[in-house]
Amino acid sequence: TDALTKGRNYSKFLTDAQRMLDDAGEQKYAVFYADIQNFKYINDTFGYDVGDRLLTFIAERLESALREAGGIFARVSADNFTAIVAYKDKNEFTETIYSIIDDVCWNDEIQRENYKPEIYVGIFCSGDVDVKFNISEMVDRANMAQKSIKGSSEYHIAFYNEEIRERLIAEKDLERRMETALANEEFVAYYQPKYDVESGEIVGAEALVRWDSPTGFMTQ
C-alpha cells in the first residue's frame with residue numbers, strides 16, 4: 001500500500017497488472033504514465049501539505065475514473081502515477097484523461113495560490129504494436145512518450161511509437177559520447193567577430209562550439 005494515497009504501491013501494481021496482461025487473451029490494454037511539471041515548486045512554495053493533498057486528489061480522481069472500467073493505478077514515486085485499463089477504442093479513455101488533467105490543473109486549493117500545475121501523460125497501447133511486452137516494458141514506453149512532450153505548452157498527451165523510442169535512444173547516445181569526445185578534443189571553438197558599426201573595429205565576438213566527430217557528423 002502506498003503510504004500517502006492508501007492505494008496500491010508500485011510493486012503491487014506491477015504484480016496485479018501483469019496478472020491482467022497474462023489473462024488478457026485478445027483484449028487490448030493501455031498503460032499510462034503521468035508526471036506533474038515542476039512539482040518541487042509546489043512543495044517548496046506552498047508547503048508539503050499542499051503538495052500531498054494534490055497527490056491524494058489525483059489518486060482519488062484516478063480511482064473514480066478507473067473503477068467502472070476495471071483499471072488500476074499506483075503512484076510510482078513522488079509526483080509520478082501509472083495506470084492500466086482495458087480498451088477497445090482510444091476515444092474511450094482520451095476524454096477521461098483530459099478531464100482528469102483539467103480537474104488537477106484547476107484544483108481549488110492550487111488555484112487559490114494562483115498557480116496552475118502542468119500535467120503530461122504518456123500512453124502505451126498494446127494494440128499499436130505486434131510485440132507482446134510485459135508490464136514493466138509497457139510502463140517504460142509510456143514514460144518515454146511522456147518525456148517526449150514534457151514542458152510543451154501545446155501537448156499534454158502523447159501516444160508511444162517507435163520513433164519516440166529511437167529519438168530518446170539517440171539523445172542518450174549523444175550524451176554518453178560527449179565525455180569521451182571532450183577528452184579526445186573533438187569540440188572545436190569558432191568565433192564570430194562583432195564590429196562597432198561606426199568605427200569598424202572589432203569590439204567582441206560570439207563563440208560557437210562545434211562537435212567534429214570522427215563518425216562523420218558535425219553538430220553544434
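The values are calculated or read from the model by the stated rules, or taken from the named source; none is laboratory data. Keep in mind that this is a model prediction, so the values were computed, not measured. Cβ: placed from backbone, ideal geometry, glycine included. Neighbour counts: every protein chain shown. Just the protein is used for accessible areas: all its heavy atoms, side chains included, with ligands, DNA and RNA removed. Shrake-Rupley method; radii C 1.70, N 1.55, O 1.52, S 1.80 Å.
Extension gain for the segment R67 to Y195, taken as residue separation times 0.36 nm less the Cα-Cα distance, is 39.4 nm to one decimal.
Assuming R0 = 25 Å, can you tell me the calculated FRET efficiency for the pair E60 and E171, based on Cβ-Cβ distance, to the nearest 0.05? Walk me through the numbers on the way to the answer.
Working: r = 36 Å, r/R0 = 1.43.
So, using R0 = 25 Å, E works out to roughly 0.10.
What is the calculated FRET efficiency for K28 to W106, with r their C-beta to C-beta distance and R₀ = 35 Å, to the nearest 0.05? Result of the calculation: an efficiency of 0.65.
The slack between N9 and Q37, meaning 0.36 nm per residue of separation minus the straight C-alpha distance, is 7.9 nm.
Positive contributions from Lys and Arg (+1) and negative ones from Asp and Glu (-1), summed over other residues with Cβ under 15 Å from the Cβ of R112, come out at -2. The dipole here belongs to segment 21-91: it is taken about the Cα centre, uses +1 on the Cβ of Lys and Arg and -1 on the Cβ of Asp and Glu, and is about 160 debye. Taking other residues whose beta carbon is less than 11 angstrom from the beta carbon of D212, and scoring Lys, Arg as +1 and Asp, Glu as -1, yields -1.
If one computes P(r) from the Cα atoms of segment 144-197, what percent of pairs lie at distances over 14 Å? Don't skip to the answer; put the middle values down first.
Details: 997 of 1431 pairs.
Counting every Cα pair in segment 144-197, those more than 14 Å apart make up 70 percent.
The mean sequence separation of alpha-carbon pairs under 8 Å and at least six residues apart, normalised by the residue count of the chain, gives a relative contact order of 19 percent. At q = 0.18, 0.20 Å⁻¹, what is the base-10 log of I(q)/I(0) for segment 1-109 according to the Debye formula with one equal point scatterer per Cα and no solvent? Please give it to two decimals. Listed by q, the Debye log ratios stand at -0.91, -1.09.
Within the shell of other residues whose beta carbon sits under 13 angstrom from the beta carbon of S152, the net charge comes to -1, with Lys and Arg scored +1 and Asp and Glu -1. Applying the criteria of a DSSP loop state and at most 13 other Cβ atoms within 10 Å to the GluC sites (Glu not before Pro) of segment 7-83 yields E26, E68.
With each label modelled as a point 7 angstrom along the Cα→C-beta vector, the E162-S99 pair spans 3.5 nm.
Between A205 and D44, what FRET efficiency follows from the Cβ-Cβ distance if R0 is 35 Å, with the result rounded to 0.05? Provide the component values of the computation, followed by the final result.
Working: r = 39 Å, r/R0 = 1.12.
In this case the efficiency is close to 0.35.
Look at where the Cα atoms of segment 1-35 and of segment 125-181 average out, and the two centres are 20 Å apart.
Taking the Cα atoms of segment 94-220, the ratio Rg/Rh between the radius of gyration and the Kirkwood radius comes to 1.18. The residues of the chain expose, per residue, 61 Å² of accessible area to a 1.4 Å probe.
Per the helix-only calculation at 222 nm, which mean residue ellipticity applies to the chain, given -39500 (n - 2.57) for every DSSP H run of n ≥ 4 and division by its residues, nearest 500 deg cm²/dmol?
-14000 deg cm²/dmol
For segment 71-127, the Cα gyration tensor yields ellipsoid semi-axes of 25, 14, 9 Å (square root of five times each eigenvalue, largest first, whole Å). A Stokes-Einstein calculation at 20 °C with viscosity 1.002 mPa s, built on the Kirkwood radius of the chain over Cα pairs, returns a diffusion coefficient of 106 µm²/s. Shape of segment 2-43 from its Cα gyration tensor (a ≥ b ≥ c, root eigenvalues): rounded if a/c is under 1.5, otherwise prolate when a/b > b/c, or oblate? Because a/c hits 1.5 or more and a/b fails to exceed b/c, segment 2-43 counts as oblate.
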